[in-house]
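A short worksheet on the structure shown next.
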Amino acid sequence: MQVGDKIVFGRYEWRVLDIKNDAALIITEDIIEQHAYHDAYKDITWADCSLRKYLNGEFYNKFNTVDKSRIIPVLNKNLDNQWYGSKGGEDTQDYIFLLSIEEVVCKYFGDSSKNLENRSAKQRYWFQRKDINNNKRRSTFDGYVWWWWLRSSGRDNRRAVYIHGDGNIGIQGNGTFRYSSNTIHPSTGDNSGGVRPALWLKYQSQ
C-alpha cells in the first residue's frame with residue numbers, strides 16, 4: 001500500500017493519504033452522502049456536533065466486526081480558525097472523522113500553507129481561486145461536482161469550513177444547520193454539505 005493508492009474497505013472506495021508504522025490514513029474517494037454539520041442552530045464545534053456523533057455511531061456501526069477491528073481510534077487536534085479566531089473546541093478521540101483545514105491545506109492535497117498563513121487584504125471568504133492545488137480537492141457526489149465539509153470552525157461557531165465545488169477553501173464556512181443556499185444538488189434536491197469520512201486503518205495481516 002502506498003500514498004495515492006485507491007483501496008476498497010467496507011462499502012466504499014478510499015484514497016490513501018498517509019502511511020505511518022502499520023496504519024494508513026484513508027478518505028473516501030468521493031463524497032458518499034449529504035449531511036448537516038449539526039442538528040440545531042447554535043454555536044458548535046466538532047467535539048459536540050451531530051455529524052461527529054453520526055460518523056462515530058451509526059456510520060461506524062455499518063462496518064462488520066472484522067472491519068471495525070482494523071479502524072484505529074485517534075486523538076484529533078482541533079485548532080482555532082486562523083483567519084477569524086473562532087474556537088476549534090476540545091481535542092477529540094475519533095474512529096471516523098472529517099479532515100481539518102490544516103490537513104487539507106498543508107499536508108494531503110498539496111501545500112497551500114502560504115494562503116493560510118499570509119491572508120491578503122482582498123481575501124475575505126475564500127483562498128485563491130487560482131491555487132494550483134484546488135483541482136486536487138474537488139470532489140463529486142452521485143456524479144455531480146459538490147462541496148464537502150471539513151471539521152474546522154468557520155468565521156464563527158455557527159459555520160464550518162468547507163471545500164467549494166471548484167476545490168477552493170471556504171475558510172469563512174457554511175452554516176452548520178439548515179445551510180441557506182439556492183444551489184441544490186441535481187439528483188437529491190438537497191443543499192446540504194457533502195461528507196468524505198476519513199479514518200486510520202490498520203494493515204491487514206498476511
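The values are calculated or read from the model by the stated rules, or taken from the named source; none is laboratory data. The model shown is predicted, which means the values in this text are computed figures rather than measured ones. Note that we place each Cβ from the backbone using ideal geometry, even for glycine, and neighbour counts take in every protein chain shown.
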Hey, could you check segment 82-99 for residues that are more than 15 Å from THR28 (Cα to Cα) and in contact with a Leu (Cβ under 7 Å, 6 or more places away or on another chain) and say which is surrounded by the fewest Cβ atoms within 10 Å (Cβ to Cβ)? GLN93
Residue check, TRP83 against (1) modelled with pLDDT under 95; (2) of a type outside the set (S, T, N, Q); (3) more than 23 Å from ILE171 (Cα to Cα), all met but one. Which one? (3)
Per the filter on segment 171-206, residues outside any loop (DSSP other than H, G, I, E, B) and farther than 16 Å from TYR54 by Cβ are ILE171, GLN172, GLY173, ASN174, GLY175, TRP200, LEU201, LYS202
Of the residues in segment 40-68, those that are exposed (fewer than 13 other Cβ atoms within 10 Å of the Cβ), at pLDDT 95 or above and assigned to a loop (DSSP other than H, G, I, E, B) number 1
If you go through segment 46-81 one residue at a time, how many are over 19 Å from VAL104 (Cα atoms), touching a residue at least 12 places away in the same chain (Cβ under 8 Å) and acidic (Asp, Glu)? 2
Any residue that is farther than 30 Å from VAL66 by Cβ and either at pLDDT 85 or above or out of contact with any strand residue (DSSP E or B) (no Cβ under 8 Å at 6 or more places or on another chain) (or both) - is there at least one of those in segment 194-206? no
Going residue by residue through segment 27-45, is there one that turns out to be free of Cβ contacts under 8 Å to residues at least 40 places away in the same chain and of a type in the set (A, V, I, L, M)? no
Which members of segment 6-47 meet the condition of being within 18 Å of TYR162 (Cα to Cα) and of a type in the set (Asp, Glu)? GLU29, ASP30, GLU33, ASP39, ASP43
Within segment 95-117, is there a residue that is more than 19 Å from GLN172 (Cβ to Cβ), at pLDDT 95 or above and not hydrophobic (A, V, I, L, M, F, W, C)? yes
Within segment 133-157, of all residues that are buried (at least 19 other Cβ atoms within 10 Å of the Cβ) and among the charged types (D, E, K, R), the one nearest to LYS42 (Cα to Cα) is ARG151
All conditions in (1) more than 24 Å from VAL8 (Cα to Cα); (2) surrounded by 15 or more Cβ atoms within 10 Å (Cβ to Cβ) are true of ASN182 except (2)
For segment 143-170, how many residues meet the condition of being assigned to a loop (DSSP other than H, G, I, E, B), more than 12 Å from the chain's Cα centre (by Cα) and free of Cβ contacts under 8 Å to residues at least 60 places away in the same chain? 5
Any residue at all in segment 11-19 that is surrounded by 19 or more Cβ atoms within 10 Å (Cβ to Cβ), in contact (Cβ under 8 Å) with a residue 24 or more places away in the chain and part of a loop (DSSP other than H, G, I, E, B)? no
Are any residues in segment 15-31 under 29 Å from ILE184 (Cα atoms) and touching a Lys or Arg at 6+ places or on another chain (Cβ under 7 Å), and if so, which ones? ARG15, ILE26, ILE27, THR28, GLU29, ILE31
